[in-house]
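What follows is calculated from the coordinates using simple rules that are stated; it is not laboratory data. Please read all numbers here as calculations on a predicted model, not as lab measurements. Please note: Cβ atoms are built from the backbone with ideal geometry, for glycine as well, and neighbour counts cover all protein chains shown.
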Amino acid sequence: MISLKEKLLMKTLYHKFNNQLPQLATEIGYKRGNKNLFFVFYALKANSEKYVSYDLIKNGSEFIFTLEVGKDKHHLKLETKENYKFCYFVSINDEMNIDEFAQIEPKLINE
């Protein structure tokens, strides 16, 4: 089985060579039998100093993730009935470096 880090690196290469950067996506990873949700930002170059904010809202079975990078805003909605132990934000750039890795706690609405 391929590790999540290797999967992210391969997807970064794919997006880079197909001119699809920047892009925001989700991935699911497992650790000790627990299912974790990752919001992954594939970036053009190192952006660690440009991050303004990221926010995660859980509304029933819907996750809404918002990321602001400089003047750009990225939104991602994910509807799922799955339960996740933890949620994380990961930013990986086109040089295959992880700029940021952080656990994020969703803000609950209508639960």
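Between residue 3 and residue 83, the simple spin-label model (points 7 angstrom out along Cα→Cβ) gives 2.9 nm. Here the Karplus relation 6.51 cos²θ - 1.76 cosθ + 1.60, evaluated at θ = phi - 60°, turns the backbone of region 53-61 into coupling constants of 6, 9, 9, 10, 10, 10, 10, x, 9 Hz, with x for every Gly and Pro.
Straight-line reach from residue 5: which lysines fall under 22 Å, measuring Cα to Cα and dropping same-chain residues less than 8 apart? List returned: 16, 31, 35, 45, 85. Each of the peptides 19-29, 71-81 was scored by the mean count of other Cβ atoms within 10 Å over its residues; in descending order, highest first, they stand as 19-29, 71-81.
Here the Kirkwood formula, the inverse mean of 1/r across different C-alpha pairs, assigns region 1-44 a hydrodynamic radius of 11.2 Å.
Of all DSSP-defined beta bridges confined to the chain, some 80% are antiparallel rather than parallel. Every pair of different Cα atoms in the chain enters the Kirkwood calculation, which places the hydrodynamic radius at 14.5 Å.
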